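K.L.:
There's a structure below that I have some questions on.
Read the figures in this text as sums done on the coordinates, not as results from a lab. Keep in mind the model is a prediction, meaning the values are calculated, not measured. Please note: Cβ atoms are built from the backbone with ideal geometry, for glycine as well, and neighbour counts cover all protein chains shown.
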Amino acid sequence: MAGLGLAAVPESASTAGEPIRDLGKPASNVVAYGTACRYERCPEEACPMARRLDEVVVIPNIAAGLELTDGAPSWRHCPAWLTFFFQLGQRVAAAHEEGTKTCAVVIPPVRSFAALFSATGAVVGVATTARAIPDIDTHFSSLASLKPGTPLVVKMGEKIYAARFSGATERSGASYIKIEYKGMIQFLPKQECHRAQVGSGGKRSLPKSVRPSRGGSIRVVEALLGDEAGEFLSVPTVDAVLVGHVTLLTQELESVQIRPEGEPAAAAPLGALLRPSRFLPDGGIPRSLLVSDRVSEFELPVADTPHVAVFDGARAFSRYRSQLGESSWIAILDRCSATFSEGVDVANQEFAVRRGTAAYLGGLEVPAGAELQAFERAR
Amino acid sequence: MKYVDIAHADAYYSVARSAGLAWRAVAHPGLEEFSEAVLSLSRLAKQQDDDTGWRGFTYPARRARNIATTVPLPLAHPDLGIAPLFAQLERSLSALRVYGGDEAGDLGERVVAAGQALISLGDAPLLDAVLGLVEAGEDVNYGVLLPIPEYVATVGRFIGSMGLEHPIRMLSRHDLISVDPLDRLAVVGPLYWYRDHQYVLTSPRAPQIIVLTWAWYREHLPARTALEGSRGHAGIKVQPLPAAAAAPQIGADEDRSAVDWQSVSRELSRSSENDLSEPVVARAAVLAGRYAVLLPEDGDRVVWLLDPHAPSEHRVARVDVADLEPGHVIVVRTSGGGDLIVPIADEILGDDAAALRELQRRWKAGLRRWVRQRRTISRAAAELRRAGCTKSSPQNLQNWLGERSLRTEDRRDWQALMVAASLEAEAETIWKAMGRLHSAHSEAGMSIGRRLRDMANTSPLDALLASGRQVFGLARGGSVTAFRIEGFSPAPIRCPPSRLMVPTRVRDEWLT
């Protein structure tokens, strides 16, 4: 079998590629992507990743500093296999932020928690690598194309408001987004439109301020994400979509508590990091969506393009990947499922038309008993 | 899919780090002779343009072979069920000779003779092999995977009665998915039984896996990877296959018997003289307990799914049939077709249900007789319209003849139908009776989810988990049945609507 991988780049070596952005996270377990491709069918001169040798992004290994429990009386370090899925999500999201659409397909010995941690890693990956201010033109166009009445969340200074989109307009040669709030129309200039994001929750469920307290979930998020936590907890987005068996995923999501290593007093549900819109407590700002893979229930209630779509199972992957074509993909294929071979066929078909290898995932150590196929998507 | 906590998942990853697969060839001259005779006859049958006439012999012969080679019980044990199959084969010999000629007849006699000799020997070669994988005094958490799930409980009881020092756990492929990790797992082969369930080897649940395979089979090594250009592999180190025996080798492609979907579908879709409706598109599914059912491919294709592993509030849900997979459990009526509204409505109606249903049956039977006399639905619909039934159309008439329709919306249309059904004198009585049924159906429709959830949450699901099938009695005497789906037909068929969702016991020999 061909080796896709690149070895993890040691801390000192990461400077060889001159990091373009240091996210200020602890430098332990630093890995790099964007170095030369060693996949035998992808000659270096033709590999798009090889052309970006100078682009190296530092991805903090947050999972390594995570302790968790899923109902067991004692806390434990995040096991290696869950760390793998978390990092996979982080790296795929980071690569997407840099303009690379990835497809990563994993066949683990058991499907449990794999998709959930991949999606959580993706959400964290976006939060720790995404540019703070999106491209204004793109974001304005995205907002302007919304249906009137679409729920928005608008950040004004330290406060967040629930509002509704009311249209786009021009005044004296300047473009504005019209926002309806408390029965009044407000005009948000185009250059400030990043303060408005698609999202719902309603006024009653929104916090009065970005940081209402330092207790509970917020403390955990701040400890894990550092400076990114404020933005993470205040701006609603859909960075990751998790498609699968909602009941099972919910059961997994609700069972896991996390805390930063060395902070025994702090604990939060895993949902504090994944932040799926429909399962957040009051005041929660969403960063992801959990969507059913059932024919009669599938609904993608978002106009924006998520960075990463995580498919829990072959059925979700084969049915809905095309509807999330602009996102990067992570698919977890369960060997025990009757649709497993269908998922393998789909993965191999996508691999056959790949654009290149995903060298930035090369440093990930695949857990025992698992198989990883990763490549840069052609479309 | 069952929730697996992190500790259990962790254990599976640990097993995958060190699992190894070894082979144990089992020899038995009598069983080899019988298997070889069955295969020779099957090969000859395959050479025929039409082997329909042979199937009365070849199918039970293959079934007997499949059972004898995969179920670890003494070959003469009554629960094995092969003795009646041999008796059936003996009775079918003359027909085989008529259809297949002397060569087939001679081979058939060889099959019968070898089979009867097996029973008279009283051997238990597979059971001996299973027991031989544990040494005396060895304390090991040992499980045995059987390819035919319906024998798991029977074999478990038998081995449990042997008073072994350490219990042996009998498992089906369904059980294996979320079983607590074992120390040792015997997989009863040949491995072609798991061609569509490779996970029994590639997602190991025991560090020691031993495949019990018959000495006369050519096995293939399981694939460790499935994805092109991938890294990593299934967590199992496979030892080389045992050296080939001197005896003739038989490969899986020759010996594997699949479900005879054509026969199953034909049996399920057989229309009765009462079927006047246009056929609909459906797909056959084999259910646990050797049942099968036709599931709708078009129109209203929602079924009730029971997930025994889900939290109680999600244990029963309505799903599109497109979402069903082998291993899922569906709830259907124990008898009769259609959805579950009828038994639930009868539950609501209590003692009055029988009389009301009889009236429903009478007016539909009368109308059906009248339609049949008109020869076509279109002609009958036109005549009804002329008789004053303003809503009469071929489609509406089909609906009125179906089980779910109770009465017309308009009383005047109803009168015309009753005249046609020769029930004019009872028109008002039946109209009111059907009104009561309608109310009960509406109430049942609103409460069915809750009722099924209550049923699934308050009843022990042991039978369902063990055998894949469980009947749930309703308070007033009716019942519904939960069935695990074992497989789907690759091709859809057309059938009368009345045949949809009717669980039907199908012949053993069509299945495996």
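K.L.:
Test of understanding: ordering B:D260, B:D102, A:D334 by Cβ neighbours within 10 Å, fewest first, what list do you get? Show your work: numbers first, answer last.
P.N.:
Details: B:D260 18, B:D102 8, A:D334 26.
Ascending number of Cβ neighbours within 10 Å: B:D102, B:D260, A:D334.
K.L.:
Obtain the radius of gyration and the Kirkwood radius of the stretch B:29-122 from its C-alpha atoms and give Rg over Rh. Walk me through the numbers before you get to the answer.
P.N.:
Working: Rg = 12.5 Å, Rh = 13.0 Å.
Checking Rg against Rh, the ratio lands at 0.96.
K.L.:
Tell me, B:I344, B:I148 in order of fewest to most beta-carbon neighbours within 10 Å?
P.N.:
Values: B:I344 23, B:I148 18.
Ascending Cβ contact count within 10 Å gives the list B:I148, B:I344.
K.L.:
Within the set of other residues whose C-beta is less than 12 Å from the C-beta of A:P109, count the net charge using Lys and Arg as +1 and Asp and Glu as -1. Spell out each step's value before the answer.
P.N.:
Details: positive: A:R111, A:R335, B:R17, B:R205; negative: A:D334, A:E371, B:D10.
Surrounding charge for A:P109 is +1.
K.L.:
Projecting each Cα onto the charge dipole of chain B (Lys/Arg +1, Asp/Glu -1 at the beta carbon, about the Cα centre), which of B:T69, B:V480, B:Q48 comes out farthest on the positive side?
P.N.:
Positive-most Cα among the choices belongs to B:V480.
K.L.:
Next question. Taking the Cα centroid of the stretch A:237-291 and of the stretch A:100-122, what is the distance between the two, rounded to the nearest whole Å?
P.N.:
If you average the Cα positions of each part, the centres end up 15 Å apart.
K.L.:
Using only Cα atoms, locate the centre of the stretch B:46-73 and the centre of the stretch B:427-447, then give the distance between them in Å, rounded to an integer.
P.N.:
Each part reduced to its Cα centre gives a spacing of 50 Å.
K.L.:
With +1 assigned to the C-beta of every Lys and Arg and -1 to the C-beta of every Asp and Glu, and no other charges, what is the dipole magnitude of the protein assembly as shown about the Cα centre in debye, to the nearest 20?
P.N.:
Details: 99 positive and 104 negative charges, 607 e Å.
Dipole of the protein assembly as shown, to the nearest 20 debye: 2920 debye.
K.L.:
While we're here: Please arrange A:Y181, A:Y360, B:Y59 by counting, for each residue, the other beta carbons lying within 10 Å of its beta carbon, fewest first. Spell out each step's value before the answer.
P.N.:
Values: A:Y181 16, A:Y360 29, B:Y59 23.
Ordered by Cβ neighbours within 10 Å, fewest first: A:Y181, B:Y59, A:Y360.
K.L.:
Please identify the trypsin sites (Lys or Arg not before Pro) of the stretch B:355-384 that satisfy two criteria: DSSP loop assignment and at most 11 other Cβ atoms within 10 Å. Which are they? Display every interim value, and only then the final one.
P.N.:
Numbers: sites: B:R357, B:R361, B:R362, B:K364, B:R368, B:R369, B:R372, B:R374, B:R375, B:R379; in loops: B:R375.
Qualifying residues, ordered by number: B:R375.
K.L.:
Using a ≥ b ≥ c from the Cα gyration tensor of the protein assembly as shown (square roots of the eigenvalues), is it rounded, prolate or oblate, where a/c under 1.5 gives rounded and otherwise the larger of a/b and b/c decides, a/b for prolate?
P.N.:
Numbers: a/c = 2.18, a/b = 1.24, b/c = 1.76.
Oblate, since a/c reaches 1.5 and b/c is not below a/b.
K.L.:
With +1 assigned to the C-beta of every Lys and Arg and -1 to the C-beta of every Asp and Glu, and no other charges, what is the dipole magnitude of chain B about the Cα centre in debye, to the nearest 20?
P.N.:
Numbers: 60 positive and 63 negative charges, 381 e Å.
The dipole magnitude comes to about 1820 debye.
K.L.:
If you don't mind, there's one more thing I want to ask. Provide the convex hull volume over Cα atoms per residue for the stretch B:354-440, in Å³. Don't skip to the answer; put the middle values down first.
P.N.:
On the way: hull volume 6.9 nm³, N = 87.
Dividing the Cα hull volume of the stretch B:354-440 by its residue count gives 79 Å³.
K.L.:
With viscosity set to 1.567 mPa s at 4 °C, what whole-number translational diffusion coefficient in µm²/s follows for chain B from Stokes-Einstein and a Kirkwood radius over Cα pairs?
P.N.:
50
K.L.:
Further question: Per residue of chain B, what 222 nm ellipticity follows from adding -39500 (n - 2.57) for every DSSP H run with n ≥ 4, rounded to the nearest 500? Let's see the in-between values first.
P.N.:
Numbers: 18 runs with 224 residues, N = 512.
The helix-only estimate for chain B comes to -13500 deg cm²/dmol at 222 nm.
K.L.:
Given 10 °C and 1.306 mPa s, how large is the Stokes-Einstein diffusion coefficient of the stretch B:279-347 in µm²/s, with Rh as the Kirkwood radius over Cα pairs? Before the final figure, lay out each step's value.
P.N.:
Values: Rh = 13.2 Å.
So the translational diffusion coefficient is about 121 µm²/s.
K.L.:
List the GluC sites (Glu not before Pro) within the stretch B:58-142 that fall in a DSSP loop (any state other than H, G, I, E or B) and whose Cβ has at most 16 other Cβ atoms within 10 Å. Let's see the in-between values first.
P.N.:
Working: sites: B:E90, B:E103, B:E109, B:E135, B:E138; in loops: B:E135, B:E138.
Here the GluC sites (Glu not before Pro) that fit, given the DSSP loop and packing criteria, are B:E135, B:E138.
K.L.:
For B:A381, what is the net charge nearby, where nearby means another residue's Cβ is under 11 Å from its Cβ and Lys, Arg count +1, Asp, Glu -1? Kindly include the intermediate steps, with their values, before the conclusion.
P.N.:
Numbers: positive: B:R374, B:R379, B:R385, B:R386, B:K391; negative: B:E383.
Local charge sum for B:A381: +4.
K.L.:
Taking the Cα centre of the stretch B:354-440 as origin, work out the dipole magnitude from +1 charges on Lys and Arg Cβ and -1 charges on Asp and Glu Cβ, in debye rounded to 20.
P.N.:
Values: 19 positive and 9 negative charges, 65 e Å.
Charge dipole, the stretch B:354-440, about its Cα centre: 320 debye, nearest 20.
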